[in-house]
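As structure tokens, the structure follows; a few thoughts come after it.
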Amino acid sequence: MRSLSRGGVSAVVVTYNSERYISACLSSLLTAVEGLSAEVWVIDNASEDGTWALVEQFAARAPVPIHLLRNSRNLGFTRATNQGLASATGRFLLLLNPDVEVPRGTLRHLIAFLEHEPDVGLVAPQLRFPDGSVQPSCRRFPR
């Protein structure tokens, strides 16, 4: 793993009783960051299922650092996200819900776009359902 001191990606995943999804999320994320300087922050909001044990298993064998922060109570999504962002050291920040799977090549594509367009500060990939159909992720502009 390369040092994050020159940039890299910090992924922040907030979990709460996410045992059903977290393995697929972390597996896809670890594949997506192959060859990149990366770290993962998993902030758990006091899950009562097997989420924490699964995350610990991934952290023990991951090729990039997986930092674990387990809150003693559910602080909510925003506060937990802010905990991860405050600890992240990467130039690029990736926020993921635990039910998201990141296809191979996605992060390289997003980073390349950001590096090519210095006036752009935020990008988001197109969301898709498991069957490949487009998942709407925006609504009409408010009036």
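The values are calculated or read from the model by the stated rules, or taken from the named source; none is laboratory data. In this text the structure is predicted, and so the values were computed from the model without any measurement. Neighbour counts are summed over all protein chains in view; Cβ atoms, including those assigned to glycine, are modelled from backbone coordinates with ideal geometry. With ligands, DNA and RNA removed, areas are computed over all heavy atoms of the protein, side chains included. Shrake-Rupley method; radii C 1.70, N 1.55, O 1.52, S 1.80 Å.
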Sulfur and carbon atoms: percent of accessible area, the chain [1.4 Å]
52
Neighbours of Glu56 by Cβ distance under 14 Å: Lys/Arg at +1, Asp/Glu at -1, summed charge -1
Note to self: with every protein chain in place and a 1.4 Å probe, the chain gives an accessible area per residue in Å² of 64
Round to a whole angstrom and tell me the spacing of the C-alpha centers of the stretch 88-143 and the stretch 27-87.
18
Quick one: 3J(HN,Hα) in Hz for the stretch 70-82, Karplus 6.51/-1.76/1.60 with θ = phi - 60°, rounded, Gly and Pro as x.
10, 6, 6, 8, 6, 8, x, 5, 5, 5, 5, 4, 4
Can you give the charge dipole size of the chain about its Cα centre, rounded to the nearest 20 debye, using +1 on the beta carbon of Lys and Arg and -1 on the beta carbon of Asp and Glu?
320
With -39,500 (n - 2.57) per DSSP H segment of 4 or more residues and division by the full residue count of the chain, the 222 nm estimate, nearest 500 deg cm²/dmol, is -10000 deg cm²/dmol
Answer label, with percent of Cα pairs over 18 Å apart calculated from the coordinates and candidates (1) 58; (2) 50; (3) 64
(1)
